[in-house]
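Participant: There's a structure below that I have some questions on.
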Amino acid sequence: MAKAPKQKLAAKTKPLKKSGSKLKKVALPPVESSEDLIRRLTKKTKKSSIKLTPHLQEIRDKRVYANVAKRRIAIDMLERYTGHDIKDFQPQIILTNFHYYYDRFQKLLPDCKGTKGSAFAAASSASAKVTIIEFGIGSAMAVLIMELVAVIEPKAVLFLGMTGGTHSSLKVGDFILPIGAIRADSVSTYFMPIQVPALPTFKIQKFASQVLVEHGMDYRTGVIHTTDLRFWEFDESFKRTLYEERVIGVDMECAALFTAGFASKVSVGALLLVSDTPLKRGGIKTKKSASKVFRSYADLHIELGIEIMADIAERGDTIRQYKW
């Protein structure tokens, strides 16, 4: 089980670093309207265009970063779905399935501007340079939010999700930094051929690891199985497959987020909280046990997420290690 940090993360306007000092003030980028953003990115897209074969051009035209018309609609949709103006989104973005995390984020960062749109909720802190988006559950919603956030070209995206722990050594409250995900979802093949592995961005996972270690906390690494099958706990053949794959957890988003992020040129990582252990007797999550998980571990999870992203914002080095 994850140990409590040596010094609990403080609920202040800015997350505290391991030294106990506040984050340095960082100059904020100029505020852009949606039309300014579209003009700038359109110019950038045209400038970076190279002569491609018809097949490669067709593939490229599917992506937000290369398709001006799609980008315009995606910006409109992101604003409509979140209630957020495009200029309010910060370069570091936290994604979550849970409304509690959205609420807690605003309490931890009092300068937050929170909004609710037609589908999602979002809150942004200019002091921490972090935005949180509550996007729902499942792979379909995961790839949608990745395409939408791609339009603001975030520096880093971190998914704070929960997972069913499948390894016998895992306990509720443990943290997992996934090194990959098995693509057993139904939507990631629209973005990349099935043989392309679903991998998080290494540098984001490295930042997350450093923050956990600095707080004296344990974590596990391994592969997550992403599925659209919610009640997999009652499918014996599915459980046998998990054993054969040697996965340490099951979720409904990671593979979709990693694959869509890779296709959309978005750097994305994940810090997962083990919320239940379904393969153990009495280990399936219930309303009562889920409530206990939120009481005991959710505050720590979101505080760690904020510190990881604020750390990335403060250090200012490049997250993506390649260009293509």
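The values are calculated or read from the model by the stated rules, or taken from the named source; none is laboratory data. Quantities reported herein were computed from a predicted structural model and do not represent experimental measurements. Neighbour counts are summed over all protein chains in view; Cβ atoms, including those assigned to glycine, are modelled from backbone coordinates with ideal geometry.
Participant: When you check Leu41 against the structure, is it within 24 Å of the chain's Cα centre (by Cα), at pLDDT 55 or above and assigned to a helix (DSSP H, G or I), yes or no?
Facilitator: On the way: within 24 Å of the chain's Cα centre (by Cα): yes; at pLDDT 55 or above: yes; assigned to a helix (DSSP H, G or I): yes.
Yes, satisfied.
Participant: I've got another one for you. I'm told Ala260 meets every condition in (1) at pLDDT 95 or above; (2) more than 22 Å from Leu144 (Cα to Cα) except one. Can you identify the failing condition by its number?
Facilitator: (2)
Participant: For the stretch 162-190, what are the residues that are among the hydroxyl-bearing types (Ser, Thr, Tyr) and within 17 Å of Thr226 (Cβ to Cβ)?
Facilitator: Residues satisfying the conditions are Thr163, Thr166, Ser186, Ser188, Thr189, Tyr190.
Participant: Could you list, ordered by first residue, the pairs with Cβ atoms under 6 Å in which the first is in the stretch 177-202 and in contact (Cβ under 8 Å) with a residue 24 or more places away in the chain and under 19 Å from Gly249 (Cβ atoms) and the second is surrounded by 19 or more Cβ atoms within 10 Å (Cβ to Cβ) and of a type in the set (Phe, Trp, Tyr), at least 6 apart or interchain?
Facilitator: The qualifying pairs are Ala181/Phe258; Ala198/Phe258; Leu199/Phe258; Pro200/Phe258.
Participant: Moving on to the next point. Does Ala156 qualify as being small (Gly, Ala, Ser) and in contact with a Ser or Thr (Cβ under 6 Å, 6 or more places away or on another chain)?
Facilitator: Numbers: small (Gly, Ala, Ser): yes; in contact with a Ser or Thr (Cβ under 6 Å, 6 or more places away or on another chain): yes.
Considered against the rule, which asks whether it is small (Gly, Ala, Ser) and in contact with a Ser or Thr (Cβ under 6 Å, 6 or more places away or on another chain), Ala156 comes out as yes.
Participant: (1) part of a helix (DSSP H, G or I); (2) crowded, with 16+ Cβ neighbours inside 10 Å; (3) at pLDDT 95 or above: which one isn't true of Lys203, the others all being true?
Facilitator: Among (1) part of a helix (DSSP H, G or I); (2) crowded, with 16+ Cβ neighbours inside 10 Å; (3) at pLDDT 95 or above, the lone unmet condition for Lys203 is (3).
Participant: Here's another thing I want to ask about it. Let me confirm something: among Asp276, Asp218, Asp235, which residue is in contact with a Lys or Arg (Cβ under 7 Å, 6 or more places away or on another chain), surrounded by fewer than 17 Cβ atoms within 10 Å (Cβ to Cβ) and not hydroxyl-bearing (Ser, Thr, Tyr)?
Facilitator: Matching residue, one of Asp276, Asp218, Asp235: Asp218.
Participant: Still on this structure, I have one more. Select from the stretch 48-70 the residues that are within 18 Å of Pro154 (Cβ to Cβ), at pLDDT below 90 and outside any loop (DSSP other than H, G, I, E, B) and list them in ascending order.
Facilitator: Residues satisfying the conditions do not exist here.
Participant: Still on this structure, I have one more. Tell me, yes or no, whether the stretch 71-91 has at least one residue that is at pLDDT 85 or above, in contact with an Asp or Glu (Cβ under 7 Å, 6 or more places away or on another chain) and among the small types (Gly, Ala, Ser).
Facilitator: Quick first cut of the stretch 71-91, residues at pLDDT 85 or above only: 71-91.
Still in the list and also in contact with an Asp or Glu (Cβ under 7 Å, 6 or more places away or on another chain): 74, 79, 85-87.
Within this subset, residues satisfying the condition of being among the small types (Gly, Ala, Ser) are 74.
Checking the stretch 71-91: at least one residue is at pLDDT 85 or above, in contact with an Asp or Glu (Cβ under 7 Å, 6 or more places away or on another chain) and among the small types (Gly, Ala, Ser).
Participant: Before we move on, is Ser267 within 24 Å of Trp232 (Cα to Cα) and of a type outside the set (A, V, I, L, M)? Please lay out each step first, then the result.
Facilitator: On the way: within 24 Å of Trp232 (Cα to Cα): no; of a type outside the set (A, V, I, L, M): yes.
It is false that Ser267 is within 24 Å of Trp232 (Cα to Cα) and of a type outside the set (A, V, I, L, M).
Participant: Taking Phe120 as meeting all but one of (1) crowded, with 23+ Cβ neighbours inside 10 Å; (2) of a type outside the set (Lys, Arg); (3) under 22 Å from Val223 (Cβ atoms), write down the number of the exception.
Facilitator: Status for Phe120: all satisfied but (3).
Participant: Report whether or not Val172 is more than 24 Å from Thr286 (Cβ to Cβ), surrounded by 13 or more Cβ atoms within 10 Å (Cβ to Cβ), touching a residue at least 40 places away in the same chain (Cβ under 8 Å) and of a type in the set (Val, Ile, Thr).
Facilitator: No: the conditions fail for Val172.
Participant: Cβ contacts < 8 Å: first residue under 25 Å from Gln205 (Cβ atoms), restricted to the stretch 221-234; second residue among the polar types (S, T, N, Q) and not in a helix (DSSP H, G or I), any location; separation 6+ or different chain. Result?
Facilitator: Ile224/Thr163; His225/Thr166; Asp228/Ser186
Participant: In contact with a Pro (Cβ under 8 Å, 6 or more places away or on another chain) and on the phi < 0 side of the Ramachandran plot: which single residue out of His225, His167, His215 fits that description?
Facilitator: Matching residue, one of His225, His167, His215: His215.
Participant: Can you tell me which residue is surrounded by the most Cβ atoms within 10 Å (Cβ to Cβ) among those in the stretch 132-158 that are within 10 Å of the chain's Cα centre (by Cα) and in a helix (DSSP H, G or I)?
Facilitator: By that ranking, first place goes to Ala142.
Participant: Residue check: is Gly161 of a type in the set (Gly, Ala, Ser), crowded, with 19+ Cβ neighbours inside 10 Å, part of a strand (DSSP E or B) and at pLDDT 95 or above?
Facilitator: Here the answer is yes, as Gly161 does meet what is asked.
Participant: Name the helices (runs of 4 or more DSSP H) wholly within the stretch 211-324 that hold at least 2 residues that are under 14 Å from the mean Cα position of the chain (by Cα)?
Facilitator: Result: 254-263, 299-315.
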